[in-house]
Every structure is written in structure tokens, then in C-alpha cells.
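One structure is given here, and the rest of the page talks about it.
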Amino acid sequence: MQQRYRRKAVSSIVRRKRFSPFMLIGLSVPVVLTLIVSTVFILPRLGSRAAAVNGDCTLIVPSNPLSAQGLATPYQLVATDPANGACNESNKVQAAFVQGAVIDPATGQISIYNPLVIDQGTQPAATPAVAQLPANGVVALWFGFNGNNLTLQGTNGSLEQGRCVNGVNGSIFGQFAYCNAPAFFRAANNAMRAGLLNAPPLGMANDGKVCPSVRDFGVVDMDQSDNVVTSYLVTANGQTAQVTTANMTALQNTQTQVNGSDNRLLAVAMDGALGCTPWMAPDLANPGHMLPALPLNELQAARLQAPPVARVPANDPMVITNNQPDINKLNAYRRGVDQSPVSTLVAASTTTYCRHLLAI
């Protein structure tokens, strides 16, 4: 039965030629269709290399994380349980990422600042830039992770200061977390209603179809709206730095560390191939440059995605607790990505979600 459904889905994707190179990535077809049969989502995120790699890491959040100094203070990555091995930001299957955004309520201007992650006890390859934040600006942070479970750890009350959400009731989301996101989205939506902020149109792709959003069923996978578009420079000795013009010039033989996600798949891979342009905002760490970001993707999708609209379903692996649906965890996640909470699990039906995936 599994092979039958797998062949059917692949054939469907091939017929819709527009997404054939990318949906195999975005949908993770073999995995998704196995899940559709059982209506339960499961993913061994580290694959065959998991035995040799610690997939559970902790990210130490600096004091006052929503301030300019807090944004410029590197986050520190460390193993949640050192007995399982170390965690290193230079290891692509353990790397954690932070994406920040600030909105000026007076003007509606959104800017992006991506804080740096380093290994605990080390120094960055280059000192992070200090952002100039607008007066009364509303700052929020989103976290992504290439491993299995990322736990946020506070410093002098930083999790409370940042209004950070890692999950609920002792059950973390997994690869995702956020700080102050609901307040940011409230400010952004208020600015939109006031005419101060406008999401750019999705545009027309080079195949004659409307460009996809992050809530398009041709983009999403089993755990949509996860992770971020942040990237870092990694030096030969394992140190990290923000991706800025100055750092790329000063640091030699660096590699770029990226966070695999629906948001990056859309804003970088799919938009680039389809001739689409993601919504971007000024990079406060690299003046004169623009960046895509998770909050921009979600705001644009909330305004412009035509039905059917993909929203986080009840059996998304990041919103279940002890392998059971958890409406409180589901709604906590949704609030972090500008999606309306639901009053019942039926309103976030995984079966309906999977039917839309099959219809692509």
C-alpha cells in the first residue's frame, strides 16, 4: 500500500510540471505519503547519520534579547546532555539559527537583524554588528535548528524578558521556538490596517502561474512554517560570523551554514527558479542590503494566499505531546507564525491537510 500511494503522488507531482524539481524536497514525498496512510507525522530528522551525532542541543539566550545589545550578543550552543556528545554550530546537522525582525509602529517599516550563534565558550570570528533600533520598535525572534530538539536556556531571566516560547507544559516544539512573535505580528497587522505597511503582491512566475507563498500546498511539508532564512559564515577553525559584506571580505575560506526549511525553500530555491521575488526588508547588520525572513513570508501569505490555505495541522510533529494531538501546543505554535488559533482539533484536521497535499 505504501508503494502504491508513493507512485501515485510522484506521478501527480510530475504531471504538475511547475513544482517537480522542488516538491520532492518540500513535500518529502515518501515520508509524507506514509504519514497520510496513518495520519500521523513522524520524521527521523537526522537520517542515517543520527547514530554518530547528538541531535538534541541547547541554545543559551543572552540577557535582554529584544534590545540592541541583546541582539548583538552571540547565542551559545551546547549539548542538552553532554553524555550524548557535543553540539557544534559548524556541524551542519547540529546548527541552530536565530532570525530577528523589528517593526516601527509609527511608520510600519520592518527591518531584519539575524543574531549570531557560536559554540559555548568560544568567540565569534567577527564581532556582531549593533543594530540601530527605532524608538518604540517591536522586536521578535524566531529560531531554527538542523537537529532534532532545540531547547532554549535563559540567562538572568532572558526567556521571560523576551517572552520566549519553546513549547508548552514541558514539551518543546523541536526545531522551532520564538520570542515576542505575537506582539510583532499584532503591530504588523495593525500597521497594515492603517495603510502603513503593505505586503507586496506574490507576482507572476515564469511559468505563467501565481508565485507561491509559504502557505501554498505546493510548498509546505509535514511541518510547515518551521525554521528560518538565516545563514552564517563558518571559518575553517569552526568559528562563526554574521553574513555581511565586511565579514565576507575579511574572513577567508569560509563556508555558509544554512537552515533547511520551508521558508528558505520558498524564498531562495523556489522563488529563484520560478523568477519570483520574496518580500525582503533592510538588513540592520549589513546596511544597504535586503533580506527575506520568516515573518515577512508569513505576513505575505496571510494576506495573499488563495484557498486552499495551508496552516499548521494538529498532527504536525512539532505540536504533538507524547505522540498525541495537543491543542494548546498547536495554538502556541500558530501564534508564533501569525496563524489563527483553533477552538477544536477538528478545525486543524490533518486528514484535510493531507488531502490538499494529495491534490497538488
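The values are calculated or read from the model by the stated rules, or taken from the named source; none is laboratory data. Since the structure is predicted, the reported quantities are computational estimates derived from the model, not experimental observations. Quick reminder, even Gly has a Cβ in these numbers, built from the backbone with ideal geometry, and neighbours come from all protein chains shown.
Out of curiosity, is ASN156 in contact with a helix residue (DSSP H, G or I) (Cβ under 9 Å, 6 or more places away or on another chain) and over 30 Å from THR245 (Cα atoms)?
Working: in contact with a helix residue (DSSP H, G or I) (Cβ under 9 Å, 6 or more places away or on another chain): no; over 30 Å from THR245 (Cα atoms): yes.
So ASN156 does not fit the description; no.
In the stretch 218-240, what residues are surrounded by fewer than 24 Cβ atoms within 10 Å (Cβ to Cβ), under 29 Å from GLN339 (Cα atoms) and at pLDDT 95 or above?
Correct list: SER231 only.
If we keep just the residues of the stretch 129-151 that are in a strand (DSSP E or B) and under 18 Å from PRO182 (Cα atoms), which is farthest from the chain's Cα centre (by Cα)?
VAL138
List the strands (runs of 3 or more DSSP E) inside the stretch 11-109, counting only whole elements, that have at least 1 residues being over 23 Å from the mean Cα position of the chain (by Cα) and either at pLDDT below 95 or surrounded by 15 or more Cβ atoms within 10 Å (Cβ to Cβ) (or both).
Working: elements: 56-60, 75-79, 96-103.
It comes to none.
Out of all the residues in the stretch 301-310, is one or more within 15 Å of the chain's Cα centre (by Cα) and at pLDDT 95 or above?
Yes, because at least one residue in the stretch 301-310 is within 15 Å of the chain's Cα centre (by Cα) and at pLDDT 95 or above.
Contact list please: Cβ distance under 6 Å, first residue in the stretch 113-129 and under 16 Å from PRO287 (Cα atoms), second residue in a loop (DSSP other than H, G, I, E, B), pairs at least six apart or on different chains.
The qualifying pairs are TYR113/ALA131; TYR113/LEU284; TYR113/ALA285; ASN114/THR230; PRO128/LEU116; ALA129/ALA285.
Answer yes if at least one residue in the stretch 210-233 is without any contact (Cβ under 8 Å) to a residue 60 or more places away in the chain and in a loop (DSSP other than H, G, I, E, B), and no otherwise.
no
Which numbered condition trips up LEU274, out of (1) at pLDDT below 95; (2) buried (at least 22 other Cβ atoms within 10 Å of the Cβ); (3) over 23 Å from SER171 (Cα atoms)?
(2)
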